[in-house]
């Protein structure tokens with residue numbers, strides 16, 4: 001907990017969503033009594049109130065621009081913490097500290113629009129079963145539920161790694177023009193329990209990964225980031241049931257994706273791209 005000594009190793013993570021169960025992040029690390037720190041620069045597309053959602057087991061602390069926003073530096077079972085802060089448009093420094101004592105170990109950090117406020121009207125929405133929606137995989141693994149955007153959504157159990165007939169979905173928007181769009185996913189009810197829903201955004205001939213915790217986003221839109229779309233067709237958002245969590249222990253929900261034309265002037269899509277061994281790259 002004091003972060004004494006030199007780190008055992010350092011690495012780059014594409015997102016901060018991990019559920020190690022009774023294991024650890026690396027074979028060099030014991031299953032209990034370890035700690036970690038992460039530093040990143042996060043781009044905020046527009047000034048406003050943002051909700052910082054943090055889940056952990058055990059202790060966690062989060063700073064934004066040097067000010068602590070979540071302080072839960074004590075032993076606890078998996079717990080969700082949240083804080084709302086006004087953030088200006090532009091780059092913000094995020095620092096996270098975590099420790100694991102005994103038992104299970106997990107951590108997830110998300111920054112979303114505050115209060116569940118929906119994005120502006122006049123956006124492009126691709127709903128499940130509607131124009132621009134595609135899905136595949138084992139038909140028997142898809143479950144329907146009468147909730148969500150348009151009164152319907154699908155859900156599946158997760159796969160730990162890529163397996164035959166894994167389930168996937170893609171949302172293809174018909175965008176009016178090229179530009180920067182903020183992308184949102186609607187998460188209905190309390191169906192999704194994954195803390196590592198791995199959305200892939202294909203835009204302007206590149207893929208960007210946006211991992212999100214569906215478990216803590218009920219009946220609201222969550223932002224997947226802002227990206228430049230050339231609006232020439234073929235661009236899409238995709239989500240598979242591969243989450244790298246314990247097999248069939250989590251659920252994923254598939255509903256609507258919204259594309260909101262933004263005024264961001266900097267280069268969007270700044271998330272790190274990471275492909276894990278065996279991960280299904282959307283096609």
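The values are calculated or read from the model by the stated rules, or taken from the named source; none is laboratory data. Keep in mind it's a predicted model, so treat the numbers as computed, not measured. Cβ coordinates were reconstructed from backbone atoms using ideal geometry, including for glycine residues, and neighbour counts include every protein chain displayed.
Considering only region 11-64, give the strands (runs of 3 or more DSSP E) lying wholly within it that have at least 2 residues that are touching a helix residue (DSSP H, G or I) at 6+ places or on another chain (Cβ under 6 Å), surrounded by 14 or more Cβ atoms within 10 Å (Cβ to Cβ) and modelled with pLDDT under 90. Working first, answer last.
Working: elements: 17-21, 34-44, 48-57, 60-64.
It comes to 48-57.
Residue count for region 186-199 under the criterion of being more than 10 Å from the chain's Cα centre (by Cα) and either without any contact (Cβ under 8 Å) to a residue 60 or more places away in the chain or not in a loop (DSSP other than H, G, I, E, B) (or both): the result is 4. Taken over region 67-81, residues that are under 20 Å from residue 48 (Cβ atoms) and surrounded by fewer than 15 Cβ atoms within 10 Å (Cβ to Cβ) amount to 1. Among the residues of region 75-97, those that are more than 18 Å from the chain's Cα centre (by Cα) and closer than 14 Å to residue 37 by Cα comprise 93, 97.
Does region 137-152 include one or more residues that are touching a residue at least 40 places away in the same chain (Cβ under 8 Å), touching a helix residue (DSSP H, G or I) at 6+ places or on another chain (Cβ under 8 Å), buried (at least 16 other Cβ atoms within 10 Å of the Cβ) and not in a strand (DSSP E or B)? Within region 137-152, none of the residues are touching a residue at least 40 places away in the same chain (Cβ under 8 Å), touching a helix residue (DSSP H, G or I) at 6+ places or on another chain (Cβ under 8 Å), buried (at least 16 other Cβ atoms within 10 Å of the Cβ) and not in a strand (DSSP E or B). Scoring residue 156 on the criteria (1) over 30 Å from residue 62 (Cα atoms); (2) assigned to a loop (DSSP other than H, G, I, E, B) leaves a single failure, condition (2).
Condition test on residue 210, is it assigned to a strand (DSSP E or B), farther than 21 Å from residue 139 by Cβ and touching a strand residue (DSSP E or B) at 6+ places or on another chain (Cβ under 7 Å)? Reasoning before the result, please.
Values: assigned to a strand (DSSP E or B): yes; farther than 21 Å from residue 139 by Cβ: yes; touching a strand residue (DSSP E or B) at 6+ places or on another chain (Cβ under 7 Å): yes.
So residue 210 fits the description; yes.
Screening the candidates 72, 47 for the property of being closer than 25 Å to residue 214 by Cβ, in contact (Cβ under 8 Å) with a residue 12 or more places away in the chain, more than 19 Å from the chain's Cα centre (by Cα) and in the same structural domain as residue 104 (by TED's automatic domain parsing) yields one hit, 72.
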